[in-house]
Amino acid sequence: MGLFLALAGAVALGVAWLVEHVLHIMPCELCLVERWPWRVLIVIGIVDILLPGAAGGPVLWLCVPVLLASVGLAFCHAGVEWGWWPSPLPGCQAPHITGKTMAERLASMPLLPSKPCDAPTYLVPGLPLSMSVMGGLYAAAVLGVFGVWRYRIIRASRRIFY
């Protein structure tokens with residue numbers, strides 16, 4: 001299961017890297033925050049691979065709150081995209097440009113333009129699912145696979161004892 005979790009995290013981050021560096025689609029600040037649970041999931045998977053059973057088994061249960069956090073972040077981002085609430089991150093808002101002269105205003109502008117969090121990125125033409133929604137569905141699917149796997153392990157261990 002550790003290998004599955006590590007690979008699931010690597011696939012999520014790989015798709016994000018591909019979209020950003022190959023398709024040249026700039027991520028917003030919420031998109032960058034949504035990548036953190038996948039990094040943690042990779043670490044959990046690696047710990048399970050390196051320490052199977054002893055420390056790895058109980059560590060696998062940490063994937064549940066991590067994946068729930070990923071689903072929650074995706075829901076929050078989708079709500080921002082759909083206009084249900086404003087983004088909780090200040091970087092998703094319009095930049096505040098200050099100064100009286102044009103030179104002062106230009107100096108106060110950010111070096112790189114940021115993508116607003118309420119502008120969804122649709123990867124598949126004709127499919128009205130943004131990247132944030134697809135990420136949340138992917139996290140829910142990974143969590144579902146983990147749940148089915150744990151259910152089978154528990155069910156199999158009960159058969160042995162009866």
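The values are calculated or read from the model by the stated rules, or taken from the named source; none is laboratory data. The model shown is predicted, which means the values in this text are computed figures rather than measured ones. Glycine also receives a Cβ, built like all others from the backbone with ideal geometry; neighbour counts cover every protein chain displayed.
Report the residue count in segment 45-85 for those that are exposed (fewer than 15 other Cβ atoms within 10 Å of the Cβ) and outside any helix (DSSP H, G or I).
Number of matching residues: 10.
Restricting attention to segment 105-139, and to residues there that are β-branched (Val, Ile, Thr) and surrounded by 15 or more Cβ atoms within 10 Å (Cβ to Cβ), which single residue is modelled with the highest pLDDT?
Residue satisfying both the conditions and the ranking: Val133.
Sort out which residues of segment 17-40 are within 15 Å of Ser70 (Cβ to Cβ), free of Cβ contacts under 8 Å to residues at least 40 places away in the same chain and either in contact with a strand residue (DSSP E or B) (Cβ under 8 Å, 6 or more places away or on another chain) or part of a helix (DSSP H, G or I) (or both), and write them in order of number.
Selection gives Leu32, Trp36, Trp38, Arg39, Val40.
Can Arg155 be described as in a helix (DSSP H, G or I), at pLDDT 75 or above and loosely packed, with under 12 Cβ neighbours inside 10 Å?
Taking the combined requirement at face value, the residue satisfies it.
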